[in-house]
């Protein structure tokens, strides 16, 4: 199923694995950007993997901020504007970041909240550093440098968000040096140091995210390979069942149609007996490739049940497409012109296809939908094979589930 190239990196043939992750890995990601579907998956994984470090840091920042606010409020006189800023803006954003770090479904909100938290803390650090430098303690500048490394490398901000946050923190410090008329030598040193720190941080952050993205794609590809049938590269039965359950729930939420196709190679036992198992494996690969090409959208599923049986699920297809595609598949298999002298339907290898067009709702179960496709396939077999039978959920009553009972046909 997979090979290791000269670099030790897993390589996968497109004919073996058809998925958005494999395609993204093939096309690359020069600007640290995936296709929308893969990017969403990566951001969720990335947020889950880095949220622990960020929670620790933000939690410590919340504790320190509460102590700081408490000490200011304990002093005589009314609280200043800085206290109001810390209580009304900084503290709620930090607490919000902690909350959203625990909600994986809101990973986009979490990342922007994290960037805002790091920016606000950076501005507070700049304020302390600037006041210390004005009082003859320029070594406090190390705190700003250290915080920039935190922004770039510690908390798990994506490269673009880290770059924007670091740029704003650096710009406010440079503006403070100019506004408060720091000595030219100190301004030059601060500017050069910030430029160097940000260049180093950007380089390391870019390289780290690039490596994480590459590792993410490879792990997804390997994970999907484990879900594949070893001969055809299609999903195996277990993976198909899992994906189908998720699609069923999603289609119910979005009120989207599912089209379930069960595809069976006609007289395949006779083919194996006549031509041998190696020829049978070659025929299975050819038929699987025809079916695989029909599942070109991210949510479509194509699987091998085992033996000569395949399944294809289309998510939200147009009605015309869901009716035309099965016939196209049947004709495409015939067009392979794989000789089959033992067939009772014609000189070439053929398939029978049962189709169920289903609109998932409270009155229709997943088991009933699969049974409907079973019934359609059984009917196609009974009527002479090499044909398509389509059933629509509003117009069909499942009868006996007889195909599940008689799962294997005679030659």
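Say we look at the range 165-199 and pick out the residues that are in contact (Cβ under 8 Å) with a residue 24 or more places away in the chain and under 27 Å from residue 28 (Cβ atoms); which of these is nearest to the chain's Cα centre (by Cα)? By that ranking, first place goes to 165. I'd like to know if the range 1-19 contains one or more residues that are surrounded by 15 or more Cβ atoms within 10 Å (Cβ to Cβ) and either at pLDDT 90 or above or part of a helix (DSSP H, G or I) (or both). Checked against the condition, which is being surrounded by 15 or more Cβ atoms within 10 Å (Cβ to Cβ) and either at pLDDT 90 or above or part of a helix (DSSP H, G or I) (or both), the range 1-19 yields no hits at all.
Taken across the range 270-289, residues that are in the same structural domain as residue 330 (by TED's automatic domain parsing) and on the phi > 0 side of the Ramachandran plot do occur, with at least one present. When 191, 144 are screened for being surrounded by 16 or more Cβ atoms within 10 Å (Cβ to Cβ), modelled with pLDDT of 95 or more and assigned by TED's automatic domain parsing to the domain that holds residue 60, only 144 passes. Scanning the range 288-298 for residues that are touching a helix residue (DSSP H, G or I) at 6+ places or on another chain (Cβ under 6 Å) and either free of Cβ contacts under 8 Å to residues at least 24 places away in the same chain or closer than 22 Å to residue 271 by Cβ (or both) yields a single hit, 290. With respect to the conditions (1) modelled with pLDDT under 90; (2) exposed (fewer than 13 other Cβ atoms within 10 Å of the Cβ), residue 63 falls short on a single one, namely (1). Do we find a residue being in a helix (DSSP H, G or I), under 30 Å from residue 217 (Cα atoms) and at pLDDT below 90 anywhere in the range 117-133? For the range 117-133, residues in a helix (DSSP H, G or I), under 30 Å from residue 217 (Cα atoms) and at pLDDT below 90: absent.
Being more than 13 Å from residue 258 (Cβ to Cβ), in contact with a helix residue (DSSP H, G or I) (Cβ under 7 Å, 6 or more places away or on another chain) and in a helix (DSSP H, G or I) is the filter here, so list the residues in the range 312-370 that pass it. Selection gives 329, 332, 333. The residues on offer are 287, 302, and the sole one that is assigned to a helix (DSSP H, G or I) and surrounded by 22 or more Cβ atoms within 10 Å (Cβ to Cβ) is 287.
Screening the candidates 64, 54 for the property of being outside any loop (DSSP other than H, G, I, E, B), within 23 Å of residue 152 (Cα to Cα) and touching a residue at least 40 places away in the same chain (Cβ under 8 Å) yields one hit, 54.
The values are calculated or read from the model by the stated rules, or taken from the named source; none is laboratory data. Note that this is a predicted model, so its numbers are computed, not measured. So basically every Cβ, Gly included, is an ideal-geometry build from the backbone, and we count neighbours across all protein chains shown.
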